[in-house]
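Asker: Submitted below is the structure of interest, expressed as structure tokens.
The values are calculated or read from the model by the stated rules, or taken from the named source; none is laboratory data. Owing to the predicted nature of the structure, the values given are computational and were not obtained by experimental measurement. Here the Cβ positions follow ideal geometry from the backbone for every residue, glycine too, while neighbour counts run over all protein chains shown.
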Amino acid sequence: MAYTESNMIPLGTKAPEFSLPEPGTGKVVTLQDVAAGARATVVMFLCNHCPYVLYVNPEIARIVAEFRPQGVAFVGINSNDAVTHPEDGPDKMGDHAKAVGYDFPYLYDETQEVARAYDAACTPDFYIFDQDQKLAYRGQLDPSRPKRNPVEPTGEDLRTALQAVLAGQPVPEPQRPSGGCNIKWNDGR
């Protein structure tokens, strides 16, 4: 597994639109469906097999349970190439989402156009958009990494960012990049 850090796109960037299938339900979900009425929206690039994602999945579930009642919307997007990584294919996403407790839409980006629009580089990769869908945070859940920094995940960076956004405050600096497995691009990069 190649360790890759996230790209730190400019704060204030407007959330790129998407319309993607949710393999677990058969629905097509748009950014507007997810963000409608939300005080903040968290877009997460995830996948089924990445050990970095698997390591933090329980903390992701806790953060969703904590912040959804406060008006935060969540969505997961899997952009990995299913030809080279069939374990990330859409046929396995619904079962995976149930098994790890994803209580949010988990969408498949087959063309990888959405990952490119967000300049996503790794899994997991986190983006928080405010109620105007302007980027307020991009980066890590917390400093935990399996093997690299095997402390228990706390979600401290994402939690701090969400608290600031909900309070109408800027997210404290520095914002640190996420790190994990590279997105498995279908063009071989």
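Asker: Can you tell me which residue within segment 119-144, out of those that are more than 18 Å from Val72 (Cβ to Cβ) and surrounded by 16 or more Cβ atoms within 10 Å (Cβ to Cβ), is nearest to the chain's Cα centre (by Cα)?
Answerer: Among them, the one singled out is Thr123.
Asker: Answer yes or no as to whether Pro177 is more than 25 Å from Val29 (Cβ to Cβ) and either modelled with pLDDT of 95 or more or surrounded by 22 or more Cβ atoms within 10 Å (Cβ to Cβ) (or both).
Answerer: yes
Asker: Within segment 1-59, work out how many residues are touching a Lys or Arg at 6+ places or on another chain (Cβ under 7 Å) and among the aliphatic types (A, V, I, L, M).
Answerer: Going through segment 1-59 one residue at a time, the tally reaches 2.
Asker: Mind counting the residues in segment 162-174 that are of a type outside the set (D, E, K, R), surrounded by fewer than 16 Cβ atoms within 10 Å (Cβ to Cβ) and part of a loop (DSSP other than H, G, I, E, B)?
Answerer: First pass over segment 162-174, keeping only residues of a type outside the set (D, E, K, R): 162-172, 174.
Right, trim to surrounded by fewer than 16 Cβ atoms within 10 Å (Cβ to Cβ) and you get 163, 167-170, 172, 174.
Restricting the remaining residues to those that are part of a loop (DSSP other than H, G, I, E, B) gives 167-170, 172, 174.
Matching residues across segment 162-174 total 6.
Asker: May I ask you to list the residues in segment 46-56 that are farther than 16 Å from Lys92 by Cα and either hydrophobic (A, V, I, L, M, F, W, C) or within 11 Å of the chain's Cα centre (by Cα) (or both)? Talk me through it step by step, then tell me what you get.
Answerer: Taking segment 46-56 and keeping what is farther than 16 Å from Lys92 by Cα, we get 51-52, 55-56.
Answer for segment 46-56, where residues must be farther than 16 Å from Lys92 by Cα and either hydrophobic (A, V, I, L, M, F, W, C) or within 11 Å of the chain's Cα centre (by Cα) (or both): just Val56.
Asker: Answer yes or no: is there a residue in segment 145-161 that is basic (Lys, Arg), crowded, with 21+ Cβ neighbours inside 10 Å and in contact with a Phe, Trp or Tyr (Cβ under 8 Å, 6 or more places away or on another chain).
Answerer: no
Asker: Could you check segment 41-155 for strands (runs of 3 or more DSSP E) lying wholly inside it with 2 or more residues that are without any contact (Cβ under 8 Å) to a residue 40 or more places away in the chain and not basic (Lys, Arg)?
Answerer: Per the criteria, 72-78.
Asker: Follow-up. With Ala120, Ala115, Ala161 as the choices, which residue is within 19 Å of Ala15 (Cβ to Cβ) and in contact with an Asp or Glu (Cβ under 8 Å, 6 or more places away or on another chain)?
Answerer: Only one candidate passes the filter, namely Ala115.
Asker: Go through segment 26-40 residue by residue and tally those that are in contact with an Asp or Glu (Cβ under 9 Å, 6 or more places away or on another chain) and assigned to a loop (DSSP other than H, G, I, E, B).
Answerer: 1
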